[in-house]
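In what follows, a structure is listed as C-alpha cells, so that the remarks can point back to it.
Coordinate-derived values only; no laboratory data. Please read all numbers here as calculations on a predicted model, not as lab measurements. Here the Cβ positions follow ideal geometry from the backbone for every residue, glycine too, while neighbour counts run over all protein chains shown.
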Amino acid sequence: MNEFARFVSLTVYGLADGAILALAALGFVLIYKATRVINFAQGEFLLVGAYTFYTAFVLLRLPLVLAVLVGVAFAILLGVLVERFVLRPLVGEHAISVIMVTIGLSSVLKAGVQMFFGTAVREQPKILPTGSMEVAGVTVPVNRLLVILIAAIVLAAFTVFFRRSRHGVAMRAVADDQQASLTMGISVRTIFALAWALAAVSALIAGVLLADLSAVDQNIASFGLIVFPVVILGGLDSVPGTIVGGLTIGLLKQYVSGYADPGLAEVVPYVVLVAILMVRPYGIFGETRIERV
Amino acid sequence: MATATGIHHRSYRAELRLRHTKAEWFRFGLVVVLLLVVPYLLNTYWLGIANSILIAVVGAVGLNILVGFTGQISLGQGGFLAVGAYTSAILSTRAGLPVPLAVVVAVLVTAGVGALFGLPALRLKGLYLAIATLASQEIIMFVVRRWGFLTEDRGYIEVPRLGFIERETFEVQWYWVLLPITFLAVLMARNLFRTALGRSFMAVRDQDIAAEAIGVNITRTKVTAFAVSSGFVGLSGALSAYYTETVTWERFTLDVSVLYLAMIIVGGLGSIAGSVYGAIFMMLLPALLTEVGDKVRDGAPFIAEQLPAIKNAVFGIAIITFLLIEPRGLDRIWSRMKDYVRFWPFRY
C-alpha cells in the first residue's frame with residue numbers, strides 16, 4: 001500500500017508539473033505555428049508573468065480577479081510589442097537570426113526583472129488552498145489537483161477558441177498557408193500579434209501557477225528550457241501534442257526523480273528528446289515537411 | 001588589380017590569394033605591429049582580458065565554421081569547450097602526458113565527440129537541429145557534473161601551472177604562448193575555405209539539396225564540419241584549462257554557448273575576421289561596463305549596484321540591435337567603411 005501511495009503522489013505531482021509544462025508549451029507552439037519562430041524567451045515570459053501578477057497582487061494589493069486582469073493586460077501588451085518591434089523586422093530571415101533575437105530578448109527580460117525586483121525570493125501568499133485530501137486512500141495536496149484542473153480548463157478554452165471563433169480559425173488558416181490566407185482577406189499581421197499575445201497570456205497563467213507551487217524567484221525562467229523536450233515530443237506545430245508531451249515529460253521527471261535519482265530527472269527529458277529526434281524527427285503529432293530546391 | 005571600380009583578378013591564382021591589394025598588406029602589417037606591442041602597452045588586468053580574448057577567438061572561429069559557414073546551428077558550444085578542457089586537464093594531471101600532447105589529444109577527442117553529436121544533423125535542419133544541440137549541451141553538462149571519475153569526486157580539477165610560467169610575468173608570458181597559437185588557428189580556418197572541403201561546407205549551407213545534386217557528399221560534409229568546428233572549440237577549451245588553472249562545470253553552461261553565438265552574430269556569420277571582431281567585442285563589453293560602473297560609483301551608486309543586471313540587459317540589447325540593424329555584423333560594417341573611403345567622394 002505504501003508503494004501504491006508513493007506512486008499516486010508521484011503521479012499527481014507529475015501531472016501538475018506536466019499541466020504547467022503543457023501551458024508553457026502551448027504558448028511556444030502558438031508562436032511557432034503562426035509565425036515559424038522558435039521562442040527561446042518562453043521561460044522569461046513565464047517569469048515576467050509571475051512578477052507582473054506579484055506586483056499587482058502583493059505590491060499594489062489588488063483583489064485576485066483584478067490582479068489577474070492586470071497580468072493578462074500586461075502580457076498582451078508585452079506580446080504585441082515584442083512581435084511588432086523585435087520579431088517583425090526579421091520576417092523571412094535565417095533561422096539562426098530568429099533564434100538569437102529571442103535569446104537576446106530573454107536576456108533583456110530577465111535583466112529587467114532583476115533590475116526591478118532583485119534576485120531574492122519574494123513572498124507571495126498562496127492563492128490555491130494548501131491542504132491535502134484523500135484520493136483512493138492516498139493523501140494528495142489539493143493545490144496540485146487544482147493546478148491540473150485550471151490547466152485543463154485553459155487548454156480546453158484555447159481548443160474551443162481555435163475550433164469555433166473567427167480569429168481562431170483565421171490563425172489556423174495562417175498556420176496552414178500564409179499567402180492563401182492573405183488572399184482570403186485575413187490580416188497576417190494581426191494574426192502574428194494575436195499569436196504572441198496569446199502565448200504571453202498562457203505563459204502568464206503557467207508562471208503564476210508555478211510561482212504558487214514553488215516561489216516567486218528567478219528560477220521560474222529555467223522552466224523555459226524543459227519546454228523543448230515537450231514540444232519535440234508532441235511536434236512543434238501541434239496543440240494536442242503539447243498536452244501529451246507536457247504530461248509525459250512531467251510524469252517522467254517525477255517518476256525518475258522518485259524512483260531513481262533527482263539529478264537524473266534533470267537530464268532524462270533531453271535524452272528522450274534526442275531519442276525522438278532520431279526516430280521521428282517531426283514529433284508524434286508534428287507535420288512532416290517535404291523540401292524542394 | 002585594385003582600381004576605383006573594384007578588385008579585378010587576372011588569374012585564378014590571384015583570386016585565391018588571402019590578400020589582394022597593397023592596402024590590405026599595409027593594414028595586415030599594422031595589426032601585426034599592434035599585436036606585438038600590446039604586452040608593453042597594457043597593464044596586467046587588461047592583458048588578462050587580452051588573453052581571454054585570444055582563447056575566445058579560437059572558440060568563436062570554431063563555432064563560425066559550423067554555424068556561419070556550414071549553416072548548422074549549434075547550442076552545444078559550452079559542452080564542447082568542456083570536453084576539451086576536461087580531456088586535456090585529466091590527461092596532463094592524471095595520465096602524466098606532456099602538455100602539448102594533451103592539448104592535441106583533447107582537440108582530437110573533442111572533434112570525435114563533436115562528430116558524434118553532429119549525427120542528428122544528418123536528419124534535422126534549422127530549428128530542430130538547434131534543439132538537438134541544446135540537448136547535447138545538457139547531456140554533456142550532466143555527465144561532467146555527475147561523473148565522479150572526471151574530477152575524482154572533488155567537483156573541480158586543479159591544473160598545475162605550466163613549468164616555464166613565472167608568477168610575476170604570468171599574463172605577459174601567456175600572451176606570447178597564446179598569440180601564435182591563436183594566429184595559426186585563425187590562419188588555418190581562413191585557409192580551410194580556400195579548399196574543396198571548405199567550399200563544400202558553404203555549398204551545404206547555401207542549399208544542401210542542390211549541393212547533393214552537384215556531387216557533394218552531405219553526410220560526410222556535415223559530420224566533418226561538426227568535427228572540424230569542435231576541434232577548434234576543443235583547442236579553446238584546453239587552452240582555457242591551462243590558463244585558468246582550474247576546470248569546473250560552471251564555466252561551460254548554456255550561457256557560454258549563447259555568449260559564443262552572440263560573438264559570431266555580432267562579428268558576422270560566415271566570416272573568419274568577423275569571429276575575431278565578435279570575440280573582441282563581446283569580451284570587452286562586460287569589462288568596459290565594469291569600468292564605467294567603477295567610474296560612476298560615487299555619482300550614481302544606482303548604476304554600480306545594478307551592474308550585473310545592466311550587463312545582462314546590454315548583452316541582450318547588443319544581440320537584438322545587431323540582428324535588427326546589421327545582421328551581417330561588424331565585418332560588414334568594416335567593409336562598408338572601407339568602401340566609403342575607397343569610393344569617396346562618390347557614394348558607390
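Here are a few things to note about the model shown:
- Among B:245-251, A:104-110, the peptide with the highest mean count of other Cβ atoms within 10 Å heads the list, and the full ranking is A:104-110, B:245-251.
- Volume per residue of the convex hull around the Cα atoms, evaluated for chain B, comes out as 175 Å³.
- Kirkwood hydrodynamic radius of the range B:248-348, from inverse mean 1/r over distinct Cα pairs, in Å: 15.3 Å
- Shape analysis of the range A:103-222 based on the Cα gyration tensor places the equivalent ellipsoid semi-axes at 35, 24, 9 Å, largest first.
- Computed from the Cα positions only, the extents of the protein assembly as shown along the three principal axes stand at 79, 63, 59 Å, in decreasing order.
- Annotation: average projected area of the range A:2-223 is 13.8 square nanometres, based on the convex hull of Cα atoms across all directions.
- Length-normalised contact order for chain B - Cα pairs under 8 Å, 6+ apart - percent: 28 percent
- Calculated diffusion of the range B:174-235, Stokes-Einstein form, Kirkwood radius summed over Cα pairs, 4 °C and 1.567 mPa s, µm²/s: 101 µm²/s
- The protein assembly as shown: Lys pairs at Cα distance under 16 angstrom, eight or more positions apart or on different chains: 4
- Relative to the globular-protein estimate of 2.2 N^0.38 Å, the Cα radius of gyration of the range A:1-110 stands at 1.35.
- Cα-based convex hull volume of the range B:98-229 per residue, rounded to whole Å³: 145 Å³
- Eigen-decomposition of the gyration tensor built on the alpha-carbon atoms of the range B:5-121 gives equivalent ellipsoid semi-axes of 33, 24, 14 angstrom, largest listed first.
- Equivalent ellipsoid semi-axes, the range A:71-140, via Cα gyration tensor eigenvalues times 5, rooted, Å: 38, 18, 13
- According to the calculation over all Cα-Cα pairs in the range B:1-41, the P(r) per 5 Å bin from zero is 6, 20, 21, 18, 12, 9, 7, 5, 1 %.
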